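**Q** Quick one: the structure is below, questions incoming.
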Amino acid sequence: MTMKSIFRIQYMMLAALLAVGIQFSFVSCSDDPGAENYYTSTKEYAADVLRNNERFSEFRKIVERSHMMELLGTYGNLTLFAPTNEAVQEYLAGRGMTSVDELTLDDCDTITYTHIIDKMAYYTTDFNDGTYQTANLLDRHLTITCDSDTVSVPGEVNIKFFIEKTAEMIVVDDSVANGVVHVMNKVIGTNSSMLPDVIAMDENVSLFYQALVDTHMADSLYKFIDENYSVGTDSVGWDSDRECVHTAVEYDAAAYMEHRYYKFTAFCPTNKVFEEKYGVTDIEGLKTLAASIYDPVYPEDADVADLTSRRNSLNRFVSYHLLDRMGTYYGLTCVDGPDPDGLVRMFNRRKMDISDWYETMLPHSILKCSYPTSVTDLDAVGLYINRRGIMSNPDRRGVKIRGAKVAKASEMPYAQEAANGIYHYIDDILKYDNETQFTVLDERMRIDATTLSPDFMTSGARGHVTATSIKNGKYGKQDMNNRIVRNNKNHCLAFKAGSAKNFYYTDATHVHVRPRYLSFWSYEGDEIIVKGVFDLAMKLPPVPSGEWEVRMFTCVGFPSRGIVQYYLGQKKPGVTEVKSASDIAWVPQGIPFDMRPEGTSNKIGWKSDSQLGDAEQIQAFDKQFHNRGWMKGWASSGNIDENGVNNMSGDGFRDNQRNLRRVIGTFQSDGKTDWYLRFQQKMESANNELNFDALEICPRSVYANPDIPEDKY
């Protein structure tokens, strides 16, 4: 059975696909494209647009053969890219055909699924430069870009919008009862190539591609679907009479993903970068450059000449530019553009750049993605890798390192997406050298829990939004009080044991990722729910050598929370591959933490800054509170209340006594071996949960610095 046949059966049975989140971008192309490009119909469904307009009769035949008209005629929230008859005829001619009847059923499925994004209505005002976070029905991520048209109408500037660089939206933002329709002048290309093959077609990154091939790292980027993954008899949909998962005072409609995919991200320096910044024009020069970076870091491997060895310097160089997850431009941090109603409202960006950290495909290495803002240096705004600073300034410890800037979709000449991943241009190389390890990364890493497994990102669970409309730029709440799945729109993606890389648990432990809401007391608006008589172990992100402290950020004071014991550990002697928690030698950290009682924070001595008085008293309290194993929430981010008002006029999560950081313990990293963390429920009830929101991994140079105390942000 082909992949498209599987999807066809999936949608005939479920009429829905798991949805992912949206992040917004507002750039120069967000100018009004002109009233003549809009038309509005509030009574029709997307299916009615195809049925009632002969302009789409050819595409309608294709959709009908795929049995997808029912989905387009059902109440919901979707995006339809509708090619005109002329576009379909052009597509057919390109394949040597004259009629839609010559298309196979597989062809019709591919075309139809490519042109529909389910569960999310994307308007051009929501997103106009980048890769959609939400995949289409073929599980491919589409890219929208825009360009200024000054030729069609002399003296006027109109904005043109394109999907996959070539298919133009000739009519945009037709609002229908179940979403939005955009009229296309071409059939959107259906790229089924794997990531290395897509990179190979871009002559601007030919040197990096040659290194990919010569090191055989390209071979690692051909994985796509986990053939061993099976849902079995467990539910994969939200149309059932199952009971929802109870969490705190709400209910989550959780369903397992039907397929497990492998996807990758490649950060590719262009040939121009290699030549102009490093004088490198061929593979021999790149080998020399790689050796100059990695031989000082790994002197014991300086003589490893086999390019396919993971200890070879060129292999290390290439591997550090690769992630084993899907990372779109607006998915590598939680920045959703400058929309004042978006996620950026949850952050005080004058005090901390919005950042996330990711393990790379270079063993035991990590990189930082950050999205700074600036009021004085617009060039400083954007997505950076291994940058350090705040806004366009040094950080509080006086460090400023620019890092490598990632190009937006509109700055790349070709479509970036492959069937199993995406690649980005970067304006400098990435180096896991001593400066990166001991200067850039010598800082507190605040790691959102939804980034800790590649599967949370590749599946679309991270960043998932369930609001019925995002046109107001807001992450709205659905009805979370209904106990039956089919009546609860708070859709959450759950993960069976063995389906989330870096996590180890049995079927007795339930894990799902909650959608993003601005009003949650959650970092980056989302969190992981761990429920049952749980016993969850996970691999910690790799960090450079040194002493590090681990903390968990969570929300306490609800009777459904649990009593949790924490452990840290490493592989037992003789274990070559960790397959379960039993492969780790665990050391308990402190006593069990009862998260349930109302007023938990008061019981452990929490005091607000206003109670404490001046800065000296606040600092003294923070120190003794930390020594007892606790920290307040941080002051650089918070939540938005039900009325749309953010709490960043104060100190965000620091002002909320339900938000706590539990200091779990410390570990000594050698930079070459893995450490593991374990959460174990000490209650026998299956109805209690842990809300796993974020981890902090903090170097001793920050948490025990006698000269520059750790800040509250």
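**Q** Which order do peptides 569-575, 181-187 fall in by mean Cβ count within 10 Å, highest first? Present the calculation step by step, with values, prior to reporting the outcome.
**A** On the way: 569-575: 12.9, 181-187: 22.9.
Ranked from most to least packed, the peptides come out as 181-187, 569-575.
**Q** In nanometres, what is the gap between the two model label sites at D707 and S519, each 7 Å from Cα along Cα-to-Cβ?
**A** Between D707 and S519, the label points sit 4.8 nm apart.
**Q** OK, next. Along segment 546-558, what does the Karplus equation 6.51 cos²θ - 1.76 cosθ + 1.60 (θ = phi - 60°) give for ³J(HN,Hα), rounded to whole Hz, x for Gly and Pro?
**A** x, 8, 10, 10, 10, 10, 10, 9, 8, 10, 10, x, 10
**Q** In addition: In whole percent, what relative contact order does the chain give with Cα contacts below 8 Å and a gap of six or more residues?
**A** Values: 1679 pairs, mean separation 97.6, N = 713.
That works out to 14 percent.
**Q** Sticking with this one: Could you tell me which residue out of W586, L343, G463 lies farthest along the dipole of the chain toward its positive end? Charges go on the beta carbon: Lys and Arg +1, Asp and Glu -1, centred on the Cα centre.
**A** W586
**Q** Give me the distance in nm between label points sitting 7 Å out from Cα along the Cα-to-Cβ direction at S193 and D614, one decimal.
**A** Placing both labels 7 Å beyond Cα along the Cβ direction yields 6.7 nm.
**Q** Right, next: Assuming 0.36 nm per residue, please report the length gained on full extension of the stretch T281 to H67 beyond their Cα-Cα distance. Don't skip to the answer; put the middle values down first.
**A** Details: separation 214, 0.36 × 214 = 77.04 nm, distance 5.22 nm.
Length gained, T281 through H67: 71.8 nm.
**Q** Still on this model: Can you work out the Karplus-derived ³J(HN,Hα) for every residue in segment 59-71? Use 6.51 cos²θ - 1.76 cosθ + 1.60 with θ = phi - 60°, whole Hz, and x for glycine or proline.
**A** Result, rounded to whole Hz: 5, 4, 4, 5, 5, 5, 5, 8, 6, 10, 5, 4, 4.
**Q** May I pose another question? Label points 7 Å out from Cα along the Cβ direction at N85 and A497: separation in nm?
**A** Roughly 5.9 nm, to one decimal.
**Q** In the structure displayed, which of K263/K431; K496/K579; K223/K400; K119/K496; K186/K408; K263/K539 lie more than 26 Å apart, Cα to Cα? Intermediate values should be presented prior to the final figure.
**A** Details: K263/K431 23 Å; K496/K579 15 Å; K223/K400 38 Å; K119/K496 23 Å; K186/K408 23 Å; K263/K539 20 Å.
Flagged as over cut-off: K223/K400.
**Q** Which FRET efficiency value, to the nearest 0.05, is calculated for N434 and V375 with the Förster distance at 30 angstrom and r the Cβ-Cβ distance? Walk me through the numbers before you get to the answer.
**A** Numbers: r = 33 Å, r/R0 = 1.11.
In this case the efficiency is close to 0.35.
**Q** Out of residues 5 or more away from D336 or on other chains, whose amide H comes under 5 Å of its own, with H placed 1.01 Å from N in the peptide plane?
**A** Excluding prolines and chain starts, which carry no amide H, the hits are F24, L343, V344.
**Q** Quick one: 3J(HN,Hα) in Hz for segment 688-694, Karplus 6.51/-1.76/1.60 with θ = phi - 60°, rounded, Gly and Pro as x.
**A** 9, 9, 10, 8, 9, 9, 7
**Q** First select every other residue whose beta carbon is under 12 angstrom from the beta carbon of V702; then total the charges, Lys and Arg +1, Asp and Glu -1.
**A** Details: positive: R396, R397, R444, R446, R551, R700; negative: D395, D442, E443, E547, E549, E696, D707, E710, D711.
Computed value for this residue: -3.
**Q** Shifting gears a bit: Amide H neighbours of I447 under 5 Å, counting only residues 5+ apart in sequence or on other chains, H built in-plane at 1.01 Å?
**A** The list, which skips near neighbours in sequence, is L695, E696, I697.
**Q** By average Cβ neighbour count within 10 Å, what is the ranking of 608-621, 481-494 from highest down?
**A** Working: 608-621: 12.9, 481-494: 18.8.
The packing order, highest mean first, is 481-494, 608-621.
**Q** With Cβ to Cβ distances under 15 Å as the rule, what net charge do the other residues near W238 carry (K, R +1; D, E -1)?
**A** Numbers: positive: K119, R242, R483, R486, K489, R514; negative: D118, D234, D239, D241, E243, D252, E258, D479.
Result for the local shell: -2.
**Q** Here is a follow-up. Between 0 and 90 degrees, rounded to the nearest ten: what's the tilt of helix 85-94 against the longest Cα principal axis of the chain?
**A** Tilt of helix 85-94: around 90 degrees.
**Q** Check G665: other-chain or 5+ apart residues with amide H under 5 Å from its amide H, H built from backbone geometry?
**A** Under 5 Å from the amide H of G665 lie the amide H atoms of V550, each far enough along the sequence or on another chain.
**Q** Sticking with this structure for a sec: How much length is gained if the chain between D301 and R397 is pulled fully straight, taking 0.36 nm per residue apart and subtracting their Cα-Cα distance, in nm to one decimal? Let's see the in-between values first.
**A** Values: separation 96, 0.36 × 96 = 34.56 nm, distance 3.37 nm.
31.2 nm is the gain from fully extending D301 to R397.
**Q** If you roll a 1.4 Å probe over the heavy atoms of the protein chains, what accessible area per residue do you get for the chain, in Å²? Please list the in-between numbers first.
**A** Working: 26760 Å² over 713 residues.
Averaged over the residues of the chain, the accessible area is 38 Å².
**Q** Roughly speaking, to the nearest percent, how much of the chain's 1.4 Å accessible area is carbon and sulfur? Numbers along the way, then the final one.
**A** Numbers: 13190 of 26760 Å².
After summing per-atom areas, the C and S share lands at 49 percent.
**Q** Name all residues of segment 569-598 having a backbone nitrogen under 13 Å from the label point set 7 Å from the Cα of E547 along its Cα→Cβ direction, giving them as ranges.
**A** It comes to no residues whatsoever.
**Q** Separate question: In deg cm²/dmol and to the nearest 500, what is the mean residue ellipticity at 222 nm of the chain if only DSSP H runs of at least 4 residues count, each as -39500 (n - 2.57), divided by the residue total?
**A** Numbers: 16 runs with 124 residues, N = 713.
Taken over the chain, the calculation gives -4500 deg cm²/dmol.
**Q** For a Förster distance of 30 Å, can you work out the FRET efficiency between the beta-carbons of R596 and D670, rounded to the nearest 0.05?
**A** On the way: r = 38 Å, r/R0 = 1.26.
Calculated transfer efficiency: 0.20.
The values are calculated or read from the model by the stated rules, or taken from the named source; none is laboratory data. Computed from a prediction, not measured in an experiment: that's the story for all the values here. A quick note on method: Cβ atoms are made from the backbone with ideal geometry, for glycine too, and the neighbour counts reach across all protein chains shown. Calculation scope for accessible area: heavy atoms of the full protein, side chains included, ligands and nucleic acids excluded. Shrake-Rupley method; radii C 1.70, N 1.55, O 1.52, S 1.80 Å.
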